[in-house]
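Working notes, beginning with the structure itself.
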Amino acid sequence: MVLELLDKITTNKPIQSVVILLIFYVISQLFIFVSEKIILRITKKTKTNIDDLIVAKINKPISLILLLVGLRFAIIPHKLSLFLLNLIEHTISTLIIILITYIAIVVINILIVNWGEKFASKTESKVDDEVVRLFQRFSRITISFIGLIFILNAWGVEIGPLLASLGIAGIAVAFALQSTLGNIFGGISLIVDRSITVDDFIKLDDGTEGFVTDIGLRSTKIKSRDGDLIILPNGKLADSKIYNYHKPLPITRVSVDFGVKYGSEIENVKKIIMSELKGMKHVLKTPEPAVIFYELGDFSLKFKAHFWVSSIEKKIEAKEDAVTAIYNALNRNKIGIPFPTRTVYIKQDK
């Protein structure tokens, strides 16, 4: 419609092209003015700054796209050779695709950074920065690859065989980097699931235990009780059965086995040991300690003393205190503590 109106006004092709370019230039500048003066004022009133960043970043690329569209229309009135026309159209299409790809990368990057800030505020590990950077790189590569496919398609290149060959190459690379990729995605799953965090005391099904000191992108560092540093690949850690003594609550139970001689009064033993447990400094009042008589042993009446402490760090000290207190209490109350004995009969032949 615009071209028909220009044909009625003037038949001069260069003037028509100039007018078309001026119209699209005005539209592009009007878009920038509206986005900066009106849309940004509206977005600043929202609770998030994501929309502000997006509008500020994409208004100029969109205005350039409008100018390129105007340039494409400005060429139409001119009778150019088919080769030159195709060359100009493909070049303009390529530039538009590049700008659209840039806009997509910017928008996704803003969303990832915003998600990363919220995610980082909920974790104690520094690896969230690495995860955010990983997602940023992956999104840039993916969007750039999609943009490249559209550019090749605009130039008439057959992308079917190219995609097939890239798929085969991707499978080969994935097999070659299977272990590394497994560790990386294992680390991401540990962080996202928040199954373990820094300073948690964990124990694996193979007996490895200690305090988590760092969760990296490829490995996790654990400090044992003896002060040794254990480095575990995240892939192995993600596939292991993990006992986390800090979740869902940091409190942990301590158990002490002891036995008394046959003939001792069971209720009196329970009363004496309960009194000792309640007087210990690390023992929590809730959940309440318990003393259980659970077995008639070969040499003794067997009991278990259960009590709770506020954290795994206090478990060893509390157990030592409990063993000492139980032993002293039984001695003080003259309750015998038996030990295994064996009688050997020697037969003498005449």
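For the reader, a short list of remarks on this structure follows.
- Approximate spin-label separation V69-S255, in nm, with each point projected 7 Å along Cα-to-Cβ: 7.3 nm
- Counting Lys and Arg as +1 and Asp and Glu as -1 over every other residue whose Cβ lies under 14 Å from the Cβ of N331, the net charge comes to +2.
- Förster radius 41 Å - calculated FRET efficiency between W115 and E295, Cβ distance, rounded to 0.05: 0.15
- Counted residue by residue at 0.36 nm each, then reduced by the alpha carbon distance between them, the extension gain from E36 to T286 reaches 84.0 nm.
- Each of N268 and K60 was given a label point 7 Å from its Cα along the Cα-to-Cβ line. The distance between the two points is 9.1 nm.
Throughout, read-outs are computed from the coordinates displayed, never taken from laboratory work. What you see is a predicted model; the values in this text were computed from it and never measured. Neighbour counts are summed over all protein chains in view; Cβ atoms, including those assigned to glycine, are modelled from backbone coordinates with ideal geometry.
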